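Student: Pasting a structure here, questions to come.
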Amino acid sequence: RDSSEDRNGVGGSSSSNNHHSSTNGKADKRSGGGSGWFSSPRKQPAQMQHFNPSYKIIRPEMCFFCFDVLYCHLHELNPPDNPSFTNDHFPLFVTWKIGKEDRLRGCIGTFSEMQLHSGLREYSITSAMKDTRFSPMTREEFPHLKVAVSILCEFEDGEDYLDWEVGTHGIRIEFNTERGSKKTATYLPEVPTQQGWDKVQTIDSLLRKGGYKGHVTPDVRKNVRLVRYQSEKITASYQDYVHHCRARSAATNGQMSNGHH
């Protein structure tokens with residue numbers, strides 16, 4: 001399933017019978033390079049200095065790969081080669097933000113496990129070009145972008161709608177609308193904290209985003225089926241990407257130079 005985030009950075013909802021789901025309450029099917037991380041003698045960009053060494057899956061080059069893929073798409077170039085990071089299967093999200101205010105520009109992901117190489121290829125473009133809340137990305141916007149990759153893991157069934165921790169878990173709920181149709185909706189782990197919500201406020205907001213129109217009563221909450229999950233997330237700015245490209249070019253030129261001696 002696919003999910004996208006709300007304009008204010010809040011995840012939304014999806015219909016349960018689609019392979020892809022979107023967190024803005026829409027549930028349509030959406031699809032959404034290779035670069036390696038080279039050290040540079042210059043100081044690393046500040047964004048990359050905050051990489052969490054405890055992460056087991058995510059790597060900075062995943063963000064740079066998304067930039068590579070989008071750049072090639074916008075400039076009608078051949079897609080980049082496969083990257084060097086792991087190609088294991090995981091659910092994932094790609095989020096684009098723009099400008100100094102970090103305005104959301106697109107966010108779509110999948111709860112289906114995908115190979116990371118093909119998954120990031122697909123969703124880096126889909127989130128930039130096919131998030132129906134926004135117009136497709138343009139070349140002019142590219143230098144003002146930030147990209148975040150979230151790898152979802154540690155999925156567990158919750159005993160009830162309160163069986164999760166704010167700041168630790170993302171949640172995905174399934175519920176029936178007033179008319180009996182089944183809906184799903186998700187918030188990534190960082191959303192409730194960013195919004196200052198407690199558990200009940202988060203559930204109520206997620207029900208609304210998922211399309212529940214009636215009065216949210218305690219019984220409605222009790223009938224929610226909840227899955228909690230965690231994520232590994234990393235963000236890179238366009239400036240980080242430029243730094244990476246320069247380091248990659250210098251490393252490539254150095255290898256070519258050494259090959260001539």
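The values are calculated or read from the model by the stated rules, or taken from the named source; none is laboratory data. As the structure is a computational prediction, the values presented were derived from the model and not from experiment. Here the Cβ is made from the backbone with ideal geometry for all residues, glycine too, and neighbour counts use every protein chain on show. Quick note on the areas: whole protein, heavy atoms, side chains included, nothing else; ligands and nucleic acids left out. Shrake-Rupley method; radii C 1.70, N 1.55, O 1.52, S 1.80 Å.
Student: Quick test of your reading of the structure: residue 27 fulfils all but one of (1) out of contact with any strand residue (DSSP E or B) (no Cβ under 6 Å at 6 or more places or on another chain); (2) at pLDDT below 50. Name the failing condition by number.
Tutor: (1)
Student: Further question on the same structure: Tell me, yes or no, whether the stretch 47-57 has at least one residue that is in a loop (DSSP other than H, G, I, E, B), among the hydrophobic types (A, V, I, L, M, F, W, C) and at pLDDT 50 or above. Break it down into steps so the answer makes sense when it comes.
Tutor: Of all residues in the stretch 47-57, those in a loop (DSSP other than H, G, I, E, B) come to 50-57.
Retained after the next criterion (residues that are among the hydrophobic types (A, V, I, L, M, F, W, C)): 51, 57.
When the remaining residues are screened for being at pLDDT 50 or above, the result is 51, 57.
There is at least one residue in the stretch 47-57 that is in a loop (DSSP other than H, G, I, E, B), among the hydrophobic types (A, V, I, L, M, F, W, C) and at pLDDT 50 or above.
Student: In addition: Checking the structure you have, find out if any residue of the stretch 149-170 is touching a helix residue (DSSP H, G or I) at 6+ places or on another chain (Cβ under 7 Å) and under 23 Å from residue 243 (Cα atoms).
Tutor: yes
Student: If only one of 107, 72, 63 is out of contact with any helix residue (DSSP H, G or I) (no Cβ under 6 Å at 6 or more places or on another chain), closer than 16 Å to residue 145 by Cα, open to solvent by less than 10 Å² (accessible area, probe 1.4 Å) and modelled with pLDDT of 50 or more, which one is it? Let's see the steps before the verdict.
Tutor: Numbers: 107 fails: out of contact with any helix residue (DSSP H, G or I) (no Cβ under 6 Å at 6 or more places or on another chain); 72 fails: open to solvent by less than 10 Å² (accessible area, probe 1.4 Å).
When all the criteria are applied, what remains is 63.
Student: Of the residues in the stretch 75-94, how many are open to solvent by 10 Å² or more (accessible area, probe 1.4 Å) and outside any loop (DSSP other than H, G, I, E, B)?
Tutor: Going residue by residue through the stretch 75-94, those that are open to solvent by 10 Å² or more (accessible area, probe 1.4 Å) are 75-90.
Those still in the list that are outside any loop (DSSP other than H, G, I, E, B) too: 89-90.
Summing the residues that are open to solvent by 10 Å² or more (accessible area, probe 1.4 Å) and outside any loop (DSSP other than H, G, I, E, B) in the stretch 75-94 gives 2.
Student: Of all residues in the stretch 125-150, how many are within 16 Å of the chain's Cα centre (by Cα) and under 17 Å from residue 100 (Cα atoms)?
Tutor: Of the residues in the stretch 125-150, 4 are within 16 Å of the chain's Cα centre (by Cα) and under 17 Å from residue 100 (Cα atoms).
Student: Right, residue 194: modelled with pLDDT of 95 or more, open to solvent by 60 Å² or more (accessible area, probe 1.4 Å), under 30 Å from residue 54 (Cα atoms) and within 23 Å of the chain's Cα centre (by Cα) or not? Steps first, answer last, please.
Tutor: Details: modelled with pLDDT of 95 or more: no; open to solvent by 60 Å² or more (accessible area, probe 1.4 Å): yes; under 30 Å from residue 54 (Cα atoms): yes; within 23 Å of the chain's Cα centre (by Cα): yes.
Against the criterion (modelled with pLDDT of 95 or more, open to solvent by 60 Å² or more (accessible area, probe 1.4 Å), under 30 Å from residue 54 (Cα atoms) and within 23 Å of the chain's Cα centre (by Cα)), residue 194 does not qualify.
Student: Take the conditions buried (at least 21 other Cβ atoms within 10 Å of the Cβ), among the hydrophobic types (A, V, I, L, M, F, W, C) and either modelled with pLDDT of 95 or more or touching a Phe, Trp or Tyr at 6+ places or on another chain (Cβ under 9 Å) (or both) and apply them to residue 162. Does it pass?
Tutor: Details: buried (at least 21 other Cβ atoms within 10 Å of the Cβ): no; among the hydrophobic types (A, V, I, L, M, F, W, C): yes; either modelled with pLDDT of 95 or more or touching a Phe, Trp or Tyr at 6+ places or on another chain (Cβ under 9 Å) (or both): yes.
So residue 162 fails the test.
Student: Still on this structure: Evaluate the following for residue 182: is it surrounded by fewer than 16 Cβ atoms within 10 Å (Cβ to Cβ) and either among the basic types (Lys, Arg) or within 22 Å of residue 89 (Cα to Cα) (or both)?
Tutor: On the way: surrounded by fewer than 16 Cβ atoms within 10 Å (Cβ to Cβ): yes; either among the basic types (Lys, Arg) or within 22 Å of residue 89 (Cα to Cα) (or both): yes.
So residue 182 fits the description; yes.
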